[in-house]
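Below is one structure, written out as structure tokens; the observations come after it.
The values are calculated or read from the model by the stated rules, or taken from the named source; none is laboratory data. From a predicted model like this one, the values you see are computed outputs, not experimental measurements. Cβ placement follows ideal geometry from the backbone for every residue including glycine, while neighbour counts extend to all protein chains displayed.
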Amino acid sequence: MSVRVVSVVILYDTEGRILLQHRTKDAPTFPNYWAFFGGSLEEGETPEQAVRRESLEELAYQLRSPLVLVEKNFVHDGSDYTMHVFTEHYDGSPITLGEGQGFAWYFPSETEPLLMNDHDRWVIDHFLGRLRG
């Protein structure tokens, strides 16, 4: 069985809020969920190249120096995934939504009532642990 490889970014601001995407109601995976920005690697791409491309496509935002946070394996609907998670401090540049039905900044503690998958919640907890150091 092949593994679907994805790269996502946690863009965070000086207040400690993270940017999340509200996926469309007809998204092929996790419809109507709140999630990180990112997507699948294309042929020959590295995880970092993919997250940079996805950031431009989905946010019109140029990542400056994304840092690797963690690699997370999970299973969804019988398919295996490997998710490469990057972080970057938001530099204040304009953001334009290019995919999804919306986006918003949230303090990690505010994400509890949002419709999110377990592996993204795990990543948020891991991110908080790194911030607290």
(message) Return the residues of the range 80-102 that are out of contact with any Phe, Trp or Tyr (no Cβ under 7 Å at 6 or more places or on another chain), farther than 15 Å from Gly39 by Cβ and touching a residue at least 24 places away in the same chain (Cβ under 8 Å); say none if nothing qualifies.
(response) Asp80, Glu88, Asp91, Pro94, Thr96, Gln101, Gly102
(message) Residues to consider are Val9, Val5; find the one that is touching a helix residue (DSSP H, G or I) at 6+ places or on another chain (Cβ under 7 Å), surrounded by 14 or more Cβ atoms within 10 Å (Cβ to Cβ) and not acidic (Asp, Glu).
(response) Val9
(request) Please verify whether the range 97-116 includes one or more residues that are at pLDDT 95 or above, among the aliphatic types (A, V, I, L, M) and under 14 Å from Val9 (Cβ atoms). (result) no
(request) Select from the range 76-116 the residues that are among the small types (Gly, Ala, Ser), part of a loop (DSSP other than H, G, I, E, B) and within 17 Å of Arg17 (Cβ to Cβ) and list them in ascending order. (result) Gly92, Ser93
(message) So, in the range 41-69, exactly how many residues are surrounded by 13 or more Cβ atoms within 10 Å (Cβ to Cβ) and either among the polar types (S, T, N, Q) or at positive phi (or both)?
(response) 3
(request) Enumerate the pairs (first residue in the range 105-125 and closer than 19 Å to Val68 by Cβ; second residue anywhere and assigned to a helix (DSSP H, G or I) and not aliphatic (A, V, I, L, M)) with beta-carbon separation below 6 Å, excluding pairs fewer than 6 apart on the same chain, so at least 6 apart or on different chains. (result) Ile124/Pro108
